[in-house]
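I have placed the structure first, in the form of structure tokens, so that the comments after it can refer back to it.
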Amino acid sequence: MAGIPLSDDYPVRRIPVATYLLIAANVLVYLLSPMSLIAVWYGADLPARLCSVEVYINRWGAIPAELLGGGRVPPPPECPGGGAEAAWISAFTSMFLHGGVAHLLGNMVYLFVFGPVVEDRLGRLRYLALYLLCGLVSVYAYALTDPAGQSPLVGASGAISAVLGAYLVVQFRSRVITLVLVFPVRLPGWALVGTYFVLQYVLYIGMPSSPGGGDSVAYAAHVYGFIAGVLGGLLIHRVRWRSGTRLSDMY
């Protein structure tokens, strides 16, 4: 991502419960997954643990071919068991899976910095709806870029990209302290978020994320999640002001 955000100067007026719950859910799911060393019930034997990871990701990750009606993708023959869930279920569960600690921490840092601001500006329920619905949009948009793909998509990046897109709409005037290389720099929020989108778009068009494309990062999900977040933020913002709802009245 375009630098590591540390804090936003927008003074949120209440505890961002929804954001904290989302972070807790992502962390808990990871700790209970076979990717976590804490989950000792998956066994200590390396080949068995790797098989558990394959089966787990295949079951709960979003596989493009399944999402678009291409039938079930069987687990690897060397790791039988644990058939895939229904496509619509895996589209949802995939947003709470992460392939490793770095993947998890990177996403949660961005959610921790930008989520509270967007939640405060939109209201908890609307914020949660935007996060989940735009996350699903990013998953299906990614599937459309590789409709025959059999590599599972995992990660909250699409939903978090939507939060960044909504942030660009509702609070782009904020300043964000960002770690660039090893130096903390105070940047306009729009500059950081805009740079993130441009970077993801450039990587998306220049480095396909489908299997065999040379990269395992789903840049398409980031790009379409961000666009969905911008549109969702604009819609919620417009409806809110047209209805005359005050921020203090929202929950």
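Bear in mind that the values in this text are calculations on the coordinates, not laboratory data. Given the structure is predicted, the values throughout are model-derived calculations rather than measurements. Reconstructed Cβ throughout: ideal geometry from the backbone, glycine too, with neighbour counts over all protein chains shown.
With the Cα gyration tensor of region 27-177 giving a ≥ b ≥ c as the square roots of its eigenvalues, does the rule (a/c under 1.5 for rounded; else a/b larger than b/c for prolate; else oblate) give rounded, prolate or oblate? Mind dumping the intermediate values first?
On the way: a/c = 2.80, a/b = 1.57, b/c = 1.79.
In terms of gyration-tensor shape, oblate.
Taking 7 Å steps out from each Cα toward its Cβ at V40 and V185 produces label points 4.6 nm apart.
When you count, for each residue, the other Cβ atoms within 10 Å and take the mean per peptide, how do 160-168, 172-180 rank with the highest first? Numbers along the way, then the final one.
Numbers: 160-168: 29.2, 172-180: 16.2.
Ranking, from highest mean packing down: 160-168, 172-180.
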